[in-house]
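Enquirer: This is the structure I want to talk about, given as structure tokens.
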Amino acid sequence: MRHLFANKCHHFWLQSLVIYLCSITVLVLCNHGLANVVDEDDQRTSACIPCSSTYLAADPNYPNMLSNIFVSTESCESSLSVVKVIKISNLHRRLEGEGFHRRLISKLKTIESDSSSTYLDRFNCEFVIIENLNGVFADPFELQRLVNRKVYLDAAVFGDTNLELPAALSNSSFVEIHMDLAPSSKADHELVVRLPLHVRYPPLDGSGYSNVEISQPDLYIRCRKRDIDNDCQWSVSVRELGPTEKVKWRIPCGDDAHSTIVSSVTFLSALLCALSIVFASSLSSHNTYQRSVVCVFT
């Protein structure tokens, strides 16, 4: 009996040891997997790209381009440490103006520490905002004039740049704007982006209005060394500020119930104008013929 009890105790301690070792193994594997997830997330939100890549939205893989171009070099790591120091907060957005031509105002604050101010003296850093537009558009020529006036460092439009297409036939477009993050004497300073927007002709709607929603923009910070060398790289980092309220634009549009009346009136007006032109042309040619006959007989 005593021997049987000893065997049971031995098996119990052996099972406990196996369970303990399995638990330690699972914890190690989970921690290793979590570390890999963190590393992958860091690569997905930070990367180094060549200085020849001027625009982020021009990449065919946008907005997932950072996960495909992660580079690990000494210059890249030093620049990434600068990018991560600069913080952005308090994004506020609203529409300014009236009618079919307005300005989208985006205001946010950069939070700078003593270390970030020191870094900004040695690095060129830019704030990049990319808007995804659908139903409204930004005029690339108007943006270029703002760049020429030094309002922005750079700006470009990608996607559907046909300004004449109605909303029903147009695709979405990306607007990328770059602003300088120069060293500031203030600990925090405000960045204001004023983007001129124009409405495309909306489709017919029974309510007489069409609603356009402008989603939250993509925000980036990118830096590079002031002394450009052969290994020039931009260090790019995504800035997530959490969900913000979408900007809504209520646009007047045609009522589908009035389409028959409008089409009929338009057709009759065009017909009357054409007949008036033909009648005026015939009178003019008749008077010219009479004057020429009078001149011949005189």
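Enquirer: Tell me, which residue of region 64-75 that is under 23 Å from Ser172 (Cα atoms) and surrounded by 15 or more Cβ atoms within 10 Å (Cβ to Cβ) is modelled with the highest pLDDT?
Expert: Restricting to residues being under 23 Å from Ser172 (Cα atoms) and surrounded by 15 or more Cβ atoms within 10 Å (Cβ to Cβ), the top hit is Met65.
Enquirer: Need pairs with beta-carbon distance below 7 Å; first residue open to solvent by less than 90 Å² (accessible area, probe 1.4 Å) and within region 89-106, second at pLDDT 85 or above and polar (S, T, N, Q); sequence gap 6+ or separate chains.
Expert: Close Cβ pairs (under 7 Å, with a partner that is at pLDDT 85 or above and polar (S, T, N, Q)) amount to Leu91/Ser106; Arg93/Ser106.
Enquirer: With region 194-278 as the region, which strands (runs of 3 or more DSSP E) entirely inside it contain at least 2 residues that are within 25 Å of Phe127 (Cβ to Cβ) and not charged (D, E, K, R)?
Expert: Per the criteria, 218-225, 233-239, 247-252.
Enquirer: May I ask you to list the residues in region 136-160 that are in contact with a Leu (Cβ under 7 Å, 6 or more places away or on another chain) and touching a residue at least 24 places away in the same chain (Cβ under 8 Å)?
Expert: Val136, Phe137, Ala138, Asp139, Tyr152
The values are calculated or read from the model by the stated rules, or taken from the named source; none is laboratory data. No experiment lies behind these values; they were computed from the predicted model shown. Cβ coordinates were reconstructed from backbone atoms using ideal geometry, including for glycine residues, and neighbour counts include every protein chain displayed. Surface areas here come from the heavy atoms of the whole protein model, side chains and all, with no ligands, DNA or RNA. Shrake-Rupley method; radii C 1.70, N 1.55, O 1.52, S 1.80 Å.
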